[in-house]
Amino acid sequence: MSMSEVIQDLTKWLAWGGSGIALLTILAYLFSWGIKFRLTGITIFTLLLSASCWAFNQSYTPPLNVEGYKYAPIVYDNGFDLVVAQASNDFPEDAIKPTLLQIAGNLKGGGRNGAQVKVRLRKIESAGEGISQPIILGEIINDLKESKIIELPKRNYHSNDDLSDNNDNYSLENYE
């Protein structure tokens, strides 16, 4: 049973339960039972839970699942137009596009104000002792205003420069 089905069933059960307790509460007031004020609280709380479950069910959207997706944690999100996910070093080539599509599809509009959000997938390669270099594996744009995903053509993001062969000495002594 999915989460949305559970919430729908729970909403119905709470609504019917709240209605039944409401009838008991009316009887308690008619016959002056001592429990009438407790029943009033229980009725209000049950109907409030039912209304809350209904409201949540109306706003809930399950996450998008794309076949072939491989987990890549989001390491940077500026909250507006750029999201960067980190791929492992052994990330398969055929999982790049599904991973980008799933990350882009699960972005919420929130404070992005209809921006075109760039979603990048990168990995980090060692470029020498103590030096690492980000390699962008793929990029996709999620247009939140138009509600569509724009696929960018595959580009070669890999730098051909080997940073470890750089003979420049960037120590603080050169700048004093």
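The values are calculated or read from the model by the stated rules, or taken from the named source; none is laboratory data. The model shown is predicted, which means the values in this text are computed figures rather than measured ones. We place every Cβ from the backbone using ideal geometry, glycine too, and count neighbours over all the protein chains shown.
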| query | Out of the residues in the range 118-130 that are exposed (fewer than 15 other Cβ atoms within 10 Å of the Cβ) and closer than 17 Å to residue 86 by Cα, which is nearest to the chain's Cα centre (by Cα)? | reply | 124
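Based on what the data block shows, is residue 77 within 23 Å of residue 144 (Cβ to Cβ), of a type in the set (D, E, K, R) and touching a residue at least 24 places away in the same chain (Cβ under 8 Å)?
Numbers: within 23 Å of residue 144 (Cβ to Cβ): yes; of a type in the set (D, E, K, R): yes; touching a residue at least 24 places away in the same chain (Cβ under 8 Å): no.
So residue 77 fails the test.
Filter the range 102-141 for residues that are of a type in the set (D, E, K, R) and at pLDDT 90 or above; which is farthest from residue 152 (Cα to Cα)?
At the first step, the residues of the range 102-141 found to be of a type in the set (D, E, K, R) are 108, 112, 118, 120, 122-123, 125, 129, 139.
Still in the list and also at pLDDT 90 or above: 118, 120, 122-123, 139.
Details: 118: 10, 120: 11, 122: 15, 123: 18, 139: 6 Å.
The residue in question is 123.
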| message | Need the failing condition index for residue 39 against (1) surrounded by fewer than 16 Cβ atoms within 10 Å (Cβ to Cβ); (2) touching a Ser or Thr at 6+ places or on another chain (Cβ under 7 Å), just the number. | response | (1)
| task | Give 9, 90, 81, 94 a once-over and let me know the one that is assigned by TED's automatic domain parsing to the domain that holds residue 145 and more than 19 Å from residue 152 (Cβ to Cβ). | result | 90
| said: Any residue that is among the polar types (S, T, N, Q) and more than 29 Å from the chain's Cα centre (by Cα) - is there at least one of those in the range 72-94? | reply: no
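Surrounded by 16 or more Cβ atoms within 10 Å (Cβ to Cβ), under 17 Å from the mean Cα position of the chain (by Cα) and either of a type outside the set (Gly, Ala, Ser) or under 22 Å from residue 60 (Cβ atoms) (or both), is that true of residue 115? Don't jump to the end; show me each part of the working.
Numbers: surrounded by 16 or more Cβ atoms within 10 Å (Cβ to Cβ): yes; under 17 Å from the mean Cα position of the chain (by Cα): yes; either of a type outside the set (Gly, Ala, Ser) or under 22 Å from residue 60 (Cβ atoms) (or both): no.
Against the criterion (surrounded by 16 or more Cβ atoms within 10 Å (Cβ to Cβ), under 17 Å from the mean Cα position of the chain (by Cα) and either of a type outside the set (Gly, Ala, Ser) or under 22 Å from residue 60 (Cβ atoms) (or both)), residue 115 does not qualify.
Out of the range 142-176, which residues are among the hydroxyl-bearing types (Ser, Thr, Tyr), assigned to a loop (DSSP other than H, G, I, E, B) and at pLDDT below 50?
170, 171 - these are the residues of the range 142-176 that are among the hydroxyl-bearing types (Ser, Thr, Tyr), assigned to a loop (DSSP other than H, G, I, E, B) and at pLDDT below 50.
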